[in-house]
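K.L.:
Would you mind keeping the following structure in view while I ask a few things?
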Amino acid sequence: MTKATKVFRPEDVPESNATGYPEPYRAMNMMRHARRIGEFGGLTNFGVNLVRIEPGGQSSARHAHLKQDEVVLILDGDITLETNEGEQIVTPGTYITFPAGTGDAHRFVNKTEKDVVFLVVGDKTREDVVTYPDIDMHGVGGADGIFRYYRKDGTLY
């Protein structure tokens, strides 16, 4: 069976602020909203998300992927990028790459008074390991495709 080409507008895709993060970390991401346009379009090898961050919100906890690459294109608004090197303001038209395996943990924080919108593209390599240096959590993607969160002592959330 072949997949058909799908033509649509981003606003056709439902926006969600759902997160797989366990408590107590789930609440800190409720001001991030994503339209999963890759999934909506039938893509399976990589994810494409149109993300909107409300003022005071963040994209995620600061994290680094062992196996998955990510790229971000800022579309609207100025946002603070936090990495291992510190903070910097990124503006519309800025393209940021996060190569897998570097250990450079990153996140975006909206410290402005207006929503910020950006496009995120990342591959879906299975069995990825995600480190979160600032909180008591790390994530492991299973061969079964299920992503699980653990405390740093190894206990499952």
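The values are calculated or read from the model by the stated rules, or taken from the named source; none is laboratory data. These numbers come from a predicted model, not from an experiment. Positions of Cβ are backbone-derived with ideal geometry, glycine not excepted, and every protein chain shown enters the neighbour counts.
K.L.:
Kindly evaluate THR94 against the criterion of being modelled with pLDDT of 95 or more and crowded, with 16+ Cβ neighbours inside 10 Å. Write out each step before concluding.
P.N.:
Working: modelled with pLDDT of 95 or more: yes; crowded, with 16+ Cβ neighbours inside 10 Å: yes.
Considered against the rule, which asks whether it is modelled with pLDDT of 95 or more and crowded, with 16+ Cβ neighbours inside 10 Å, THR94 comes out as yes.
K.L.:
Taking THR112, is it more than 21 Å from GLU70 (Cα to Cα) and of a type in the set (Val, Ile, Thr)?
P.N.:
Working: more than 21 Å from GLU70 (Cα to Cα): yes; of a type in the set (Val, Ile, Thr): yes.
It is true that THR112 is more than 21 Å from GLU70 (Cα to Cα) and of a type in the set (Val, Ile, Thr).
K.L.:
Another question, if that's okay. For the range 51-79, what are the residues that are within 27 Å of HIS138 (Cβ to Cβ) and hydrophobic (A, V, I, L, M, F, W, C)?
P.N.:
Result: VAL51, ILE53, ALA61, ALA64, LEU66, VAL71, VAL72, ILE79.
K.L.:
So, GLY38, is that one of a type in the set (Gly, Ala, Ser), at pLDDT 95 or above and more than 24 Å from ARG126 (Cβ to Cβ) or not? Before the answer, list the steps.
P.N.:
Working: of a type in the set (Gly, Ala, Ser): yes; at pLDDT 95 or above: yes; more than 24 Å from ARG126 (Cβ to Cβ): no.
No, not satisfied.
K.L.:
Of ILE89, ILE53, which residue is closer than 13 Å to LEU119 by Cβ and in contact with a Ser or Thr (Cβ under 7 Å, 6 or more places away or on another chain)? Steps first, please.
P.N.:
On the way: ILE89 fails: closer than 13 Å to LEU119 by Cβ.
Checking each option against the conditions leaves just ILE53.
K.L.:
So, one more: Answer with yes or no whether ARG32 is out of contact with any helix residue (DSSP H, G or I) (no Cβ under 8 Å at 6 or more places or on another chain), closer than 24 Å to GLY142 by Cα and touching a residue at least 12 places away in the same chain (Cβ under 8 Å).
P.N.:
Numbers: out of contact with any helix residue (DSSP H, G or I) (no Cβ under 8 Å at 6 or more places or on another chain): yes; closer than 24 Å to GLY142 by Cα: no; touching a residue at least 12 places away in the same chain (Cβ under 8 Å): yes.
Spelling it out, it is not the case that ARG32 is out of contact with any helix residue (DSSP H, G or I) (no Cβ under 8 Å at 6 or more places or on another chain), closer than 24 Å to GLY142 by Cα and touching a residue at least 12 places away in the same chain (Cβ under 8 Å).
K.L.:
Within the range 50-58, is there a residue that is more than 26 Å from PRO24 (Cα to Cα), buried (at least 19 other Cβ atoms within 10 Å of the Cβ) and of a type in the set (A, V, I, L, M, F, W, C)?
P.N.:
First pass over the range 50-58, keeping only residues more than 26 Å from PRO24 (Cα to Cα): none.
Scanning the range 50-58, I find no residue that is more than 26 Å from PRO24 (Cα to Cα), buried (at least 19 other Cβ atoms within 10 Å of the Cβ) and of a type in the set (A, V, I, L, M, F, W, C), so the answer is no.
K.L.:
Here is a further query. Just for strands (runs of 3 or more DSSP E) wholly inside the range 7-111: which have at least 1 residues that are hydroxyl-bearing (Ser, Thr, Tyr) and farther than 21 Å from ARG148 by Cα?
P.N.:
Working: elements: 32-35, 46-53, 70-76, 79-83, 86-90, 95-98, 107-109.
Correct list: 79-83, 95-98.
K.L.:
Further, regarding this structure: Report, by residue number, each residue of the range 85-111 that is on the phi < 0 side of the Ramachandran plot, touching a strand residue (DSSP E or B) at 6+ places or on another chain (Cβ under 8 Å) and free of Cβ contacts under 8 Å to residues at least 24 places away in the same chain.
P.N.:
Selection gives GLU87, GLN88, ILE89, VAL90, THR91, PRO92, THR94.
K.L.:
Evaluate the following for ARG35: is it closer than 22 Å to THR131 by Cα and either within 16 Å of the chain's Cα centre (by Cα) or not polar (S, T, N, Q) (or both)? If you could, list the steps in order and put the result at the bottom.
P.N.:
Values: closer than 22 Å to THR131 by Cα: no; either within 16 Å of the chain's Cα centre (by Cα) or not polar (S, T, N, Q) (or both): yes.
So ARG35 fails the test.
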